[in-house]
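Down below is the structure, laid out as C-alpha cells.
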Amino acid sequence: MNFALPAELGDIRAAVADLCSDFPGEYWRALEPDGYPDAFVEALTKAGWLAALIPEEYGGGGLDVAAACVILEEINASGCNAAACHAQMYTMGTLLRHGSSAQKERYLPQIASGGLRLQAFGVTEPGAGSDTTKIATTAERMSNGYTIRGQKIWTSRAEHSDLMLLLARTRAPEEVERKTDGLSVFLVDMRAAGDALEIRPIRTMLNHATTEIFFDGVEIPHDALVGEEGRGFEYILDGMNVERILIASECIGRWFVAKASSYASERAVFGRPIGANQGVQFPIARAYAAVEAASLVRHKAAWLFDEGLPCGAEANTAKLLASEASWQAANACLDAHGGYGFAAEYDVERKFRETRLYSVAPISNNLVLAYLGQHVLGMPRSY
C-alpha cells in the first residue's frame, strides 16, 4: 500500500488555500445570518475548481473524485464554507453518467464557465423525509413535455441556482411493482418556470441558504428528462456515494484541530499555556486521531469510486466517521477557547454551527448505521 497522495493533489491543495486566503473570517462573518458568498463562488468558478469533475471536452477540469475531495477539504480547512458550492460537484455525477449527449453539450460548457449554476438538488419533501420512495411531487407527461406539481424542502441554494436536479414521481405508487420504481430525474431550468415556481427561504441556525419550493404546474420540455423515465431513484442513489464522500471531505477540513491546538499553545492561565493541561490537550489530540482515521476511510472510498468499484459501505462509513470526528473536534475547540469560543470574531461558533449539520444531513447518521447493519453486516432491517 502506498498512502502518499499524488503530487498534483498537493498542488491543488496549495492553490485552493491561496484562493481562500482572500476570504478570511471577516468576509464570512459579514454574511451572517443569511448572505450568500457570491464573490467566493465566483472566484472558485473562475479558477475552475467548481468544474473539476466536468470532462475537459466540455471545458471542465477532468479531475476525479479524489481531487474534488481535496478541493472541498481545503476550503473548510482554510476557514471558508464549502457548503456554498458543493452541490454543483455532487449533482454533476447524475448528469455526467445518465444525461444525454445533447444535455451535456448544452449545459456542461456553460456550467464550467460559470454562465450557469447547478446548485439546487430537489429531492426531500415534508411528508417523506429520508424515505425518498414516499415523495409525492409529480411530473405528469403531456404532449409538449411534463407538468410538475408538488413541494420540496431543504433545497439549499435554490435562490442562487439556474438549474435544479429534480426527483419527481412519473407513475403512482400503486402502478409500480417495486416502491423504488416510477421516479424520474429532471434537469429543470428554474429561470423559465415563472410564477409557477415559488421559492421560500428557511431561516436556520447556520447560514446555509436553504429553502422550500412549491411547483404549481411548472412546465418543462421532454428533453429535461435525465436518462430513462422511472429509473430516477437508481440514478439518485448512484450519485449519493459521491455526495457522502465529498461531505466527509468537508468535515475532515482539520480547521478545528489546528485552531484549538494553536490557541491552547498560546493562551496562558495560571502561569502556563492551557495546552499543557491534559484536560485541554487530550480532547484535541483525540479529535486529531479521529479526523485522521476518518480521512483514511474517505480516501479509500474515493479511490474505490474512481476505480469504478462498489463503495457504498466505505462512502457511508466515511460520512459517519468524518461528521462525528468533526463534531468531536468542534467541541474540543470550543472548550479550549472557553468564553472566547462564543465570540463571533474567533469564528469558532460559526464553524461549530456549520459542522453540526452533517450529523443529520445529507443523511442522518442513524440511517447510515441502519445501512451498515443491514447491507454490510447482514442483520435484519431495522426500519
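The values are calculated or read from the model by the stated rules, or taken from the named source; none is laboratory data. Computed from a prediction, not measured in an experiment: that's the story for all the values here. We place every Cβ from the backbone using ideal geometry, glycine too, and count neighbours over all the protein chains shown.
Of the helices (runs of 4 or more DSSP H) lying entirely inside segment 24-118, the ones with 1 or more residues being within 25 Å of Leu187 (Cβ to Cβ) are found at 38-47, 65-77, 86-90, 92-98, 101-113.
Phe214 falls short on exactly one of the conditions (1) out of contact with any strand residue (DSSP E or B) (no Cβ under 7 Å at 6 or more places or on another chain); (2) touching a residue at least 60 places away in the same chain (Cβ under 8 Å), and that condition is (1). Looking only at segment 246-258, residues that are assigned to a helix (DSSP H, G or I) and in contact with an Asp or Glu (Cβ under 8 Å, 6 or more places away or on another chain) come to 2 in all. Can you find, within segment 329-383, the residue that is nearest to Leu206 (Cα to Cα) among those that are outside any helix (DSSP H, G or I) and of a type in the set (Ser, Thr, Tyr)? Top of the filtered list is Ser364. Here is a check on your reading of the model: is Trp303 assigned by TED's automatic domain parsing to the domain that holds Leu372, part of a helix (DSSP H, G or I) and surrounded by fewer than 19 Cβ atoms within 10 Å (Cβ to Cβ)? The answer is yes for Trp303.
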